[in-house]
1. Tell me, which residue of region 1-51 that is assigned to a helix (DSSP H, G or I) and charged (D, E, K, R) is nearest to the chain's Cα centre (by Cα)?
2. Taking region 158-180 as the region of interest, how many residues are surrounded by fewer than 23 Cβ atoms within 10 Å (Cβ to Cβ) and within 17 Å of Ile127 (Cβ to Cβ)?
3. Please name all residue pairs, on different chains or six or more residues apart, with Cβ atoms under 7 Å, provided the first residue is in region 226-254 and is surrounded by fewer than 16 Cβ atoms within 10 Å (Cβ to Cβ) and the second residue is modelled with pLDDT of 95 or more and among the polar types (S, T, N, Q).
4. May I ask you to list the residues in region 210-235 that are at pLDDT 95 or above and over 18 Å from the mean Cα position of the chain (by Cα)?
5. Just name the residue that is nearest to Trp338 (Cα to Cα) out of those in region 373-383 that are part of a helix (DSSP H, G or I) and of a type in the set (A, V, I, L, M, F, W, C).
6. Cβ-Cβ under 8 Å, sequence separation 6+ or interchain: first residue in region 117-134 and hydroxyl-bearing (Ser, Thr, Tyr), partner at pLDDT below 95 and surrounded by fewer than 18 Cβ atoms within 10 Å (Cβ to Cβ). Which pairs?
7. Can you find a residue that is farther than 21 Å from Glu226 by Cβ and not in a loop (DSSP other than H, G, I, E, B) anywhere in region 302-309?
8. Can you name the residue in region 323-346 that is closer than 28 Å to Glu311 by Cβ and among the charged types (D, E, K, R) and, of all such residues, is nearest to the chain's Cα centre (by Cα)?
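The values are calculated or read from the model by the stated rules, or taken from the named source; none is laboratory data. Keep in mind that what you see is a predicted model, and the values were worked out from it rather than measured. Cβ placement follows ideal geometry from the backbone for every residue including glycine, while neighbour counts extend to all protein chains displayed.
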Amino acid sequence: MSKIEQAYKLARQQYAEVGVNTDDVLKQAARIPISVQCWQGDDVSGFENPDGALTGGIAVTGNYPGKARTPDQLRADLDQAMALIPGKHRLNLHASYADSNSQGVERNELQPEHFQGWIDWAKGKGIGLDFNPTYFSHPKSADGFTLSHQDRGIRQFWIEHGICCRHIAAAMGKALENPCITNFWIPDGYKDTPIDRKGPRERLADSLDSIFADSIDPKLNQDAVECKLFGIGSESYVVGSHEFYLGYAVRNNKILCLDAGHFHPTESISDKISSILQWVGELLLHVSRGVRWDSDHVVTFTDELQAIMQEIVRGEFIDRVHIGLDFFDASINRVAAWVIGTRATSRALLQALLEPTELLRKLEADGDLTARLAMLEEIKNLPASAVWDYFCQTSEVPVGRAWLDEVQTYEKQVLSKR
């Protein structure tokens, strides 16, 4: 018996004493996918114009060597990253990442065939895909407005793009026999104080209604709408605010997307989950790490990340919350960034699943708040790390920091030669 197995055996006994079956927890953790964002691997450049400047409130800092510049390179990097992360996950894809056979095709004319390479890749790995229309870094979004633009022609272009994307996502869902979530985020807003706050929101609502007019089988595609407090170039006013999209999601039975970096620094999305799920059927999370602003740092094992996962488990929301990632850091090895962020998220989820929730809930219901607080502190000493190491080993991925050796080898053999 290896040291990891010995440590897990002892951990299993300790968790059993507080009513937690770690074997069941590991099976459950292995079934919960995390949607890994494609755009970490190439700094959100996409393949329309990989060296073009980003617009629409998107900013990536750093110039670490080895950036992916083709779909095949990006898929190879994802293969390497996913081989180092326990569990079977998903890929979150933007419309600007269409395969090379789409060159010259406008965004409102994209078809499923332009993403066949991604569909084939996902099918080969046995994973699902999620999708996002790309409403930034385009001449028709240069002034900061798309679906809420005053120009009807520009609005129509972006409406058509949204319609295309829903049908592409449905094709992905059908081919993979796995529903695709299409998430709508638009960067529309003003840098300084606007006079008319109402007009853009009325136009945005009308545009969204046009996009969602066609009924699509939810077994193929599910729609999500993503809110934001502010962004670069929209510091004073974002058309698609939290209140706007919450109301829209409730009225139209859409999934609401909460991005951890899209709120005021004193706000926490963990505190919003149970409130919102009183009124909407499902939530999509974009797990990120903002530092003073929506800076999309690589996710790490922070208190806030743990709080998000605890809320999902404590509220019995696992089947109603879709977990995705949204960060992009070009200052470090991009494959390592994927691994660090996804492993941290997976580990936080596992630790939340290991919590003796039923015991804690009973103490609270009985009014024994002293014991509740005491237990919350004592369970921090339980050997969750031993269970995590065993999860990695049984998932046939490196345990501990051993994954870094593989990334460094990949960097020498592949990334450094680009």
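1. Out of the qualifying residues, it is Arg31.
2. Number satisfying all stated conditions: 7.
3. Ser236/Thr193
4. Ser210, Ile211, Phe212, Ala213, Asp214, Ser215, Ile216, Asp217, Pro218, Lys219, Leu220 - these are the residues of region 210-235 that are at pLDDT 95 or above and over 18 Å from the mean Cα position of the chain (by Cα).
5. Among those residues, the one meeting the criterion is Ile379.
6. Here the result reads none, with nothing in region 117-134 linked to a residue that is at pLDDT below 95 and surrounded by fewer than 18 Cβ atoms within 10 Å (Cβ to Cβ).
7. Yes, some residue in region 302-309 is farther than 21 Å from Glu226 by Cβ and not in a loop (DSSP other than H, G, I, E, B).
8. The residue in question is Asp326.
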